[in-house]
Amino acid sequence: MKRILFVDDEPKVLDGLRRMLYPLRNEWYTEFVSNGREALQLLSESDYDVIVTDVRMPDMSGIELLEEVVKQFPRVVRLVLSGTMDPAILAHSAPLAHRYLVKPCDPVKLRAAVEEAVRLGENAS
Amino acid sequence: MSTNELRQGSELDAKANLRALIESTDDPIWSVDLNYRLLVFNNAFQADIQRNYGVRAAVGMRTEELLPPARDTLLRPLYDRALREGAFRTEYPLLDGRILEMAFNLIVEDGETKGISVFGKDITEQQAAEDALCETENKYRHLFNSVSDAVFVMKIDDDGMPGEFIDFNDRACQYLGYSRQELERLRIVDINPPERRPGIRSITRTVIDRRYWTWEGIHLAKDGRRIPVEVHARVVDLDGSPALISSVRDITERREAEVRYRDIFDGAIEGMYRTGMDGKALATNSAFANMLGYDSVQEYLSTVTDTRHQVWLDPDQRTEYLRLLETQGHMRGYEARFKRKDGAVIWVSISARTVRGADGQPHYTDGFVEDITERKMAQTALGESEANLREAQRLARIGSATWDVASDTTTYSEEMYRIIGRSPEFIPPGHAPGRPPERAKFYTPESFARISAAMQRALATGEPYELDLDVVRPDGTVRRTHASGAAVRDDSGRVVKLHGTLQDITEWKEVQARISEKDALLQLAHDAILATDLEGKIAFWNHGATELYGWAAEEALGRNVNELLQPVFPIPRAEILMLVESSGQWEGEVTHRTRTGDAVVVASRWTLYRDAEGGAGKILEISRGITDRKRADEALQQSLSQLRRAQQLAHIGTSTLDVRSDTTIWSEEMYRITGWEPGAPPRTFADRRSLYTPASYALLENAARQAVAAGEPYELDVDIIRPDGVVRQTHASGAAIRDADGNISKIVGTLQDVTEWKAAEARLSEQAALLQHAHDAIIVTDLNGVILFWNRGAEDLYGWAAKKAVGAKVHDLLRTSFPIPLAQIHEVLQDQDQWEGEITHQTQSGTAVVVASRWSLQRGEKGEPTKILEINRDITARKAAEEELKLYRQQLELALKAGHSGSFDRDIKNDVDVWSPELAALYGLAVSEFGGTSASWDCLVLPEDREIARAAVQEALRTGEYRAEWRIRRQNDGEVRWLAAQGKVFYGGDGQPSRLLGVNVDITERKRAEEALRQSQSQLLMAQKLESIGQLAAGIAHEINTPIQYIGDNATFLAEAFRDLLRFLEPHTELADALRNPARADFVTALEQSVPNVDVNYLRAEIPKATEQLLEGVARVARIVRAMKEFSHPGPVEKAPVDINRAIESTILVSKSEWKYVAELTTDLDPELPLVPCVGGEFNQVILNLIVNATHAISDVVRGSNQKGSIRIGTRRDGGWAEVRVSDTGAGIPEGIRARIFTPFFTTKEVGKGTGQGLAMAHSVIVKKHQGTIRFESETGVGTTFVVRLPLQCVGEKP
């Protein structure tokens, strides 16, 4: 089972995502955390295949998180799910994330992206 | 003798005696028997009968024989009565008029009545007395009862108290209310009230002592009423003992009247008084006291003890008044003057009467007094004005005449007679056309023709006439007159009368002639000569005045000299007038102002010019301008001539003293000098002591002695005293003459009166000092220019000392440069005696000085020119100042030109506009093209702005200056130009605006620049807005996208969940069938298999949550979209009422992505905050900026930590303001930059992060656009609060 970690400061977004992934509950193991530090904590505790994170978050932004993930857990496939198309953020995240998704992202697209990311990870390893 | 005999003897004696007695009496005695026959009678009886009835009485005669029947019938009944009653008495009239009192007795012998005896007693006198008494008594009683007063007669008891009433009249009963019987039983004590009873004794005593007394008392009536009474009581002797007669008057009414009277007295408006004959004030009312200035009656009565001196102005007048009053008994309307308490005098009119006492002497005067001061004053004034009127008429010498057409009679006034020289008896002739022209001889032929024609015309047409006529008096003298006439019409329009006046103007004409003579003379005088009336109206103004003051005669005549020349007098003008009127003239120095406003000091002599009647007419004012130099000039002249005079007066007197005989001879001149009478001179020297002052005498005596002793001559100054007391200074000399033997025989002396000389000397040194000290340079030269006199002022000015200057040639010394050749100046001097001009001199040190120089030619005795007097005033400084001023003016003109400004000078009164060339150029005109009036300027102004321009000028006229901007159409190219105008009003002498001076500047470029700036500012604002919207766009997008994400996710989930649930439900519906149908066993397996596929519990829990969050997400999106719409909606550009709480909420939402990561944002918005007038879009912009700034400030602080700061936004109403506070917990604004944070382009952020426009724009919007305020409170390390305040202007309450 693939393990996917979702990070977003907005709890309702995390709930929504969780529900949306209900059909895949048997295929993917999902964790939902609301801040970067927790995410890093979980990553250090167990292996995750994919991390999907928002960018604009208080305390530790998605960019900073991904920088850490790259540093500490380079094998985790990194996806960005952002509410903004800010070119600056885009620019910053480009080298850090394997895919950049913009909210609102429909479930089909998201699933496809994650599956692709998983495959990527498999291929990489 | 026996006893019987004795008895008989005694009886006989007795009888004889009786007989003798009976015979001796004059009263008739007789007896009759029972038949009334005479038995016995005496001689007196016989005599009576004889006398009365002519019957000789005899014994035995019967009464009818004795008496006539008439008498008999009288007597018989009496006898009958005697027999019947016994003894009795009665009166019995005899025929001869006597009255007898007859006593009838019965003669009884042995118990038997034998006869009747009658004793007659002549009681005629007694009767008469009784009758008289009775009459008197009757009269008395009548009087007693008819008197209106009550009268009591009472005894006086031994204890001195009034006793029983002996008698009282009916009135006594009446007033007391007792019946006669009741009153008889009473005494005085009983009719007095208890409290008065103790006093009765002493009153009685007083009456007894004085025999007569009057007092007021109270009596008690029967019904208990207390009656005020006045009692007059007298002691009389009644049958040997004292008795009181009291007359009592009920004075109730009088008392009431007194009270009423007192009321009237006190309250009267007229002054009333009662004064004793000695002048003591007895009673007054308030009106009288007040009239005399006393505060109260009490004060008057206590202060005024002697009206003669304290009230009457003239005590003698009071005596006169009293005398009149005594003679007449009363007075009406007597006018006198009274003194008030404060000493002021008032006129009063007195109506009074004298009141006399019982002794017939006047006791006091009662008077009514009226204050007639005002009336008197009016009368006096009237009298005065009437007198004035009469006087005026007399002075005007106008005679009048009236001709009645119908009756052809003429009446003349008194003055008319006088004018035509006829006596009042003369009957004026008629004027009817047919009559012989007697009037012709009143006039000269020519005048007669004219007056006749005028009168005919007046008669025919009613036309009034006025003409000058020559009137011929009977004595042949001709008088010039001025005649006027007017017609009087009746109702039908016919002329019924002619009124004419005639005024003798002969003197006037002569005077006029003299005046024009004098006029000519006066014109020639150099001095300024004016004639004014007493008020100062100028009637004459000569050429000298024109020269001195600058006003032409036409301008000055009729004006008031005080206005025209604005004189400043050394003493008040009124005092001068008084002096002039009393002594005829006044001299003094006056400062006048010339036409140009310069001050001139004049020596002025005023004289009073009276007209022919001697009435004050005009004041002649002769003035000579005397500035310092003139004064010096004159002074010099004066002293010079005084000097000459002194020299002329060098008379010398001589005296010769013969030493041996000690006699002196004086010359004529000596007498003249000393003032002694020609004749014998004072013989000895000692006699002449009185000639000298003590000091001088001592000196002279000493000198003379020396001369006598040693022959030494002497010469000294002595002061002599003339007989009239005047002291003269003299110069005395003396020398000794020796005889042949060498002895001194004579002393010859001289005396010279040098008083004037001395005075002149003194004056001269005074003048010299004056001249020396005058500031101006004063130089006197001879005709060749050789300096004779050089004053201190000249030394100071030119640097040459007097020693050096005197003797030198002036124009060489000073290197004079003249404006015209010196020769010409000399010509002018010869011609006019003076010259003035500006000359340049060189001082000793070589500096040039410009002087205002006045030259005056001095002439000798014969009028030949002798010297030139030059007075110079240094005006170099003034000149320099003038030059500087000119330069300054030029510079100013240049400056104006450079600044594209033009100036104008408008004469407001005459509406003349003078423009500088620059100003005309501004308007696109040449100066000549400008119309020159305010109207021609007005049409150059753009029509839309004309009101502004006109209003500006009005403003200036009101407040003194104006500032305004308006557009004009430039005339040369038609372009519209903006002008800024500034003007100031200058006022004339009358305080009214007279000139408007100002400047116009072309500010078109500036205006354009301003416009451009304004435009770019709004563009900037827009750009700002766009920038911030752009800034937010990303954030907003994020804000929206986030909820949309989970909306979609939830919806997807719900769809999935629903599918699952359906799958779940399907078998369950079949279950029911299955349960009913045991055959479907496989169904259970299928069922069991479905369960794991459906996580029912999960669904049960999550579906509701999903739904909820989905809906929430939708709402959130909607909110954001709305907020965005509201925020970015441009809104009206003008201010409109805005709910700022809502605006703030929108802004908060819109900016959420900015702050939500770094801060908690809380709001405290006042729900009662009314709508605030503002430009919504711009307000939102401001709040956004503040929130963004707060967010940045906090993020600086919390970066790196997972803390969040806090932003608090609050609104509240504060009076007329809405206040918005945005607080953050950032780092605070450093002190060093606090002053600059509102500066445009000031920012602390890095490049790319904000342009620094936010706060500058916020400041501009809040302060300039909204007239609000924006400020901040900041504490480093704590945080910052921005406070924005917007005025509410009470738009409306929030619904």
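The values are calculated or read from the model by the stated rules, or taken from the named source; none is laboratory data. Note that the coordinates shown come from a computational prediction; the quantities given were computed from them, not determined experimentally. All Cβ positions, glycine included, derive from the backbone under ideal geometry; neighbour counts span all protein chains shown. Accessible surface areas use protein heavy atoms only, side chains included; no ligands, DNA or RNA. Shrake-Rupley method; radii C 1.70, N 1.55, O 1.52, S 1.80 Å.
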Checklist entry - Is it true that A:Glu45 is open to solvent by 40 Å² or more (accessible area, probe 1.4 Å), touching a helix residue (DSSP H, G or I) at 6+ places or on another chain (Cβ under 9 Å) and more than 8 Å from chain B (Cβ to nearest Cβ)? => result no
Checklist entry - Has segment B:1041-1060 got any residue that is more than 10 Å from chain A (Cβ to nearest Cβ) and modelled with pLDDT of 80 or more? => result yes
Checklist entry - Taking segment B:1130-1160 only, how many residues are of a type in the set (A, V, I, L, M) and over 14 Å from B:Val1220 (Cβ atoms)? => result 6
Checklist entry - Residue check: is B:Gln1089 modelled with pLDDT under 75, within 12 Å of chain A (Cβ to nearest Cβ) and in a helix (DSSP H, G or I)? => result no
Checklist entry - For segment A:45-63, how many residues are of a type in the set (Ser, Thr, Tyr) and not in a loop (DSSP other than H, G, I, E, B)? => result 1
Checklist outcome for this item: The helices (runs of 4 or more DSSP H) lying entirely within segment B:790-853 that contain at least 1 residues which are in contact (Cβ under 8 Å) with a residue 60 or more places away in the chain and under 30 Å from B:Glu547 (Cβ atoms) are B:792-798, B:810-813
Item to check | Of all residues in segment B:320-343 being among the basic types (Lys, Arg) and surrounded by 11 or more Cβ atoms within 10 Å (Cβ to Cβ), the one that is nearest to B:Leu301 (Cα to Cα) | outcome: B:Lys341
Checklist entry - Taking A:Leu66, is it in a helix (DSSP H, G or I), of a type outside the set (Gly, Ala, Ser) and touching a Lys or Arg at 6+ places or on another chain (Cβ under 9 Å)? => result yes
Next on the checklist: Out of everything in segment B:469-492 that is touching a residue at least 24 places away in the same chain (Cβ under 8 Å) and open to solvent by 50 Å² or more (accessible area, probe 1.4 Å), what residue ends up being farthest from B:Ile419 (Cα to Cα)?
Outcome noted: B:Arg489
Item to check | Residue list for segment B:1260-1269, filter: part of a helix (DSSP H, G or I) and under 18 Å from B:Ile1140 (Cβ atoms) | outcome: B:Val1261, B:Ile1262, B:Val1263, B:Lys1265
Checklist entry - Do we find that B:Arg969 is open to solvent by 90 Å² or more (accessible area, probe 1.4 Å), more than 14 Å from chain A (Cβ to nearest Cβ), in contact with a Gly (Cβ under 9 Å, 6 or more places away or on another chain) and not hydroxyl-bearing (Ser, Thr, Tyr) in this structure? => result yes
Item to check | Residue in segment B:344-353 that is open to solvent by less than 90 Å² (accessible area, probe 1.4 Å) and at pLDDT below 80 present | outcome: no
Item to check | Qualifying positions in segment B:54-79 - farther than 19 Å from B:Arg89 by Cβ, open to solvent by 40 Å² or more (accessible area, probe 1.4 Å) and not in a loop (DSSP other than H, G, I, E, B) | outcome: B:Arg62, B:Glu64, B:Glu65, B:Pro69, B:Ala70, B:Thr73
Checklist entry - For segment A:48-62, what are the residues that are of a type in the set (Val, Ile, Thr) and either open to solvent by 30 Å² or more (accessible area, probe 1.4 Å) or under 29 Å from B:Asp1196 (Cα atoms) (or both)? => result A:Val52, A:Thr53, A:Val55
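If you scan segment B:302-350, which residues turn out to be part of a strand (DSSP E or B) and at positive phi?
B:Gly333
Could you tell me whether any residue of segment B:718-725 is modelled with pLDDT under 80, farther than 15 Å from B:Gly653 by Cβ and outside any strand (DSSP E or B)?
So far as segment B:718-725 goes, no, none of its residues is modelled with pLDDT under 80, farther than 15 Å from B:Gly653 by Cβ and outside any strand (DSSP E or B).
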Checklist outcome for this item: Checked A:Glu31, A:Glu67 against criteria (among the charged types (D, E, K, R), within 22 Å of A:Pro95 (Cα to Cα), away from chain B (no Cβ under 14 Å) and open to solvent by 40 Å² or more (accessible area, probe 1.4 Å)); the one match is A:Glu67
Item to check | Residues of segment A:1-17 that turn out to be more than 8 Å from chain B (Cβ to nearest Cβ) and basic (Lys, Arg), as a count | outcome: 2
Next on the checklist: Kindly evaluate B:Val941 against the criterion of being open to solvent by less than 50 Å² (accessible area, probe 1.4 Å) and over 17 Å from B:Ser994 (Cβ atoms).
Outcome noted: yes
Checklist entry - Is at least one residue of segment B:1114-1123 open to solvent by 30 Å² or more (accessible area, probe 1.4 Å), at pLDDT 80 or above and within 9 Å of another protein chain (Cβ to nearest Cβ)? => result no
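Rundown of residues vs (1) open to solvent by 50 Å² or more (accessible area, probe 1.4 Å); (2) in a loop (DSSP other than H, G, I, E, B); (3) among the hydroxyl-bearing types (Ser, Thr, Tyr), yes/no style:
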position: B:Ile1183; (1), (2), (3): no, no, no
position: B:Val1188; (1), (2), (3): no, no, no
position: B:Ser1195; (1), (2), (3): no, no, yes
position: B:Gly1200; (1), (2), (3): yes, yes, no
position: B:Gln1203; (1), (2), (3): yes, yes, no
position: B:Arg1221; (1), (2), (3): yes, no, no
Checklist outcome for this item: B:Lys1152 vs (1) more than 14 Å from chain A (Cβ to nearest Cβ); (2) open to solvent by 30 Å² or more (accessible area, probe 1.4 Å): all pass except (1)
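Starting from residues that are within 11 Å of A:Val80 (Cβ to Cβ) and within 14 Å of another protein chain (Cβ to nearest Cβ), keep the ones in segment A:98-112 and report whichever is surrounded by the most Cβ atoms within 10 Å (Cβ to Cβ).
So, considering only residues that are within 11 Å of A:Val80 (Cβ to Cβ) and within 14 Å of another protein chain (Cβ to nearest Cβ), the one surrounded by the most Cβ atoms within 10 Å (Cβ to Cβ) is A:Lys103.
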Next on the checklist: Going through B:Ala16, B:Ala58 one at a time, which residue ends up being of a type in the set (A, V, I, L, M), at pLDDT 85 or above and more than 21 Å from B:Thr113 (Cα to Cα)?
Outcome noted: B:Ala58
Next on the checklist: Of the residues B:Asp366, B:Asp359, only one is more than 30 Å from B:Asp504 (Cβ to Cβ), at pLDDT below 75, of a type outside the set (Phe, Trp, Tyr) and not in a helix (DSSP H, G or I); which?
Outcome noted: B:Asp359
Next on the checklist: Which count do you get for residues in segment B:583-604 that are outside any loop (DSSP other than H, G, I, E, B) and surrounded by 11 or more Cβ atoms within 10 Å (Cβ to Cβ)?
Outcome noted: 15
Checklist outcome for this item: Selection over segment B:730-751 where residues are open to solvent by 30 Å² or more (accessible area, probe 1.4 Å), closer than 11 Å to B:Ile673 by Cβ and touching a Phe, Trp or Tyr at 6+ places or on another chain (Cβ under 9 Å) yields a count of 1
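Taking segment B:198-248 as the search range and keeping residues that are in a helix (DSSP H, G or I), in contact with a strand residue (DSSP E or B) (Cβ under 8 Å, 6 or more places away or on another chain) and of a type in the set (Ser, Thr, Tyr), which one is farthest from B:Tyr175 (Cα to Cα)?
Result: B:Thr206.
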